[in-house]
Amino acid sequence: MSGLWIVGLGPGGPEHRTAAAERAVREAEVVVGYGPYVDQCADLLGEQEVVRGKMGEELARAREAVERAKSARVALVSSGDAGVHGMAARTLAMAEGIDVTVVPGVTAALATAARLGAPLADDWATLSLSDLHLSLETVERRLTGLAMSGVALALYNPRSKTRTEPFDRALAILRQHRPGDTPVVVATDVARAGETLEHATLATLDPSTVTMRSLVLVAGETAMWSGEWLVALRDLAPITAATPAPVTPAAAPPTAPASPAHGGAA
Ligand SMILES: C[S@@+](CC[C@H](N)C(=O)[O-])C[C@H]1O[C@@H](n2cnc3c(N)ncnc32)[C@H](O)[C@@H]1O
């Protein structure tokens, strides 16, 4: 049966791939993807026709996958999860009338978090610093809101050799709104050969350690080190002025019914 499988391959090697992702690639007649992502699933390739794309040709790749899926089983492969700063959205937006299955994958933020402990156990957000499809002003507005919120941040597409400005500006925003001793980890090539984890703080972070193959994890306000593990404990959240005051019995209207809370017998 023809159709399109949009497949997240996970961050690197086969040990982080799901069984569903492997099956979708193995059973495909055509595998479409950016070259390095096709390489990432080379061990699953046999008789399939392979269409390798280049960086910057995402739209053409999505179109080709949708076209081919009208008459063949197509797997469009993506690193991590295809729906996290990946190919899924742009492909689905043009896939009307096609039978599509989206196969989830382990995104880089989760692979990084697992290496560090549980830094995303409290609230967190993901943000791409790419200004390719969005203005830098918009990226900065979103980052400012998130920096002020105190949640942990996973920064994707942080910096390339030629695109250094967004990261420098992002770092300035983070330093303005978060304490200097906030833990930051630059995780490069996680779950791939040559993986590195650079530990720093917002104050000490050296931007030159960050590449396009890095995920920058900025700890949230409830993070702490527990030995070698970075953990986020939700009950460490500061109580802010915005926290509503608890309702006391005296404040309740005289006609209010007795509260059934905690299963108390009337
Ligand atoms: C186009 S986005 C793709 C994200 C992918 N869909 C995911 O869910 O992980 C590329 C960015 O993801 C991050 N990334 C993807 N795989 C990574 C890995 N194995 N190690 C570190 N960062 C990674 C980097 O920030 C990189 O610039």
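Run the numbers on the chain and let me know its relative contact order in percent, using alpha-carbon pairs under 8 Å that are six or more apart.
Across the chain, relative contact order equals 18 percent.
What list of ³J(HN,Hα) values in whole Hz, one per residue of the range 31-42 in order, does the Karplus curve 6.51 cos²θ - 1.76 cosθ + 1.60 (θ = phi - 60°) give from phi, with Gly and Pro shown as x?
10, 10, x, 4, x, x, 6, 5, 4, 4, 10, 4
Loop sites only, by DSSP: take the GluC sites (Glu not before Pro) in the chain that have at most 11 other C-beta atoms within 10 Å and name the longest stretch containing none of them.
The longest such stretch corresponds to 97-227.
Can you list the residues, at least 5 places off or on another chain, whose amide H is less than 5 Å from the amide H of residue 100, using H built in the peptide plane?
Amide H to amide H, under 5 Å and 5 or more residues apart or across chains, residue 100 pairs with 4.
Within the range 1-134, what percent of beta bridges assigned by DSSP are antiparallel, to the nearest 5?
Rounded to the nearest five, the antiparallel share is 5 percent.
Could you give me the ³J(HN,Hα) list for the range 46-62, computed from phi with Karplus coefficients 6.51, -1.76, 1.60 and θ = phi - 60°, whole Hz, x at Gly and Pro?
x, 7, 4, 6, 10, 10, 8, x, 10, 4, x, 10, 4, 5, 4, 5, 4
How many Å² of accessible area per residue for the chain, probe 1.4 Å?
Value returned for the chain: 53 Å² of accessible area per residue.
Considering only the other residues whose Cβ falls under 14 Å of the Cβ of residue 116, what net charge follows from Lys and Arg at +1 and Asp and Glu at -1?
-3
Name the residues whose placed amide hydrogens come within less than 5 Å of the amide hydrogen of residue 125, ignoring near sequence neighbours (fewer than 5 apart) on the same chain.
152, 153, 154
Got a number for carbon plus sulfur as a percent of the range 109-236's accessible area, 1.4 Å probe?
54 percent
Would you kindly calculate the translational diffusion coefficient of the range 1-74, applying Stokes-Einstein with the Kirkwood radius from alpha carbon pairs, for 4 °C and a viscosity of 1.567 mPa s, and quote it in µm² s⁻¹ without decimals?
Diffusion coefficient, whole number: 105 µm²/s.
Would you mind telling me the antiparallel percentage of the DSSP bridges in the chain, rounded to 5?
Taking every DSSP beta bridge within the chain, about 40 percent pair in antiparallel fashion.
Suppose we flag trypsin sites (Lys or Arg not before Pro) only when DSSP calls them loop and at most 14 other Cβ atoms lie within 10 Å. Which is the longest uninterrupted stretch of the chain? Walk me through the numbers before you get to the answer.
Values: sites that count: 54, 70, 161.
Segment 162-266 is the longest.
What's the whole-number percent of alpha carbon pairs in the chain lying beyond 27 angstrom?
48 percent
Under 10 Å, Cα contacts only: if you run a Gaussian network model on the chain, which one of 162, 201, 188 comes out with the highest mean-square fluctuation?
Highest fluctuation among the options: 162.
On alpha carbon coordinates alone, what is the Rg over Rh value for the range 109-236, Rh being the Kirkwood radius?
Working: Rg = 13.5 Å, Rh = 14.5 Å.
Ratio of gyration radius to Kirkwood radius: 0.94.
The values are calculated or read from the model by the stated rules, or taken from the named source; none is laboratory data. Since the model is a prediction, treat every value here as computed from it, not as a measurement. Methodologically, a virtual Cβ is constructed for each residue, glycine included, from the backbone with ideal geometry; neighbour enumeration extends over all protein chains shown. SASA here: full protein model, heavy atoms, side chains in, ligands and nucleic acids out. Shrake-Rupley method; radii C 1.70, N 1.55, O 1.52, S 1.80 Å.
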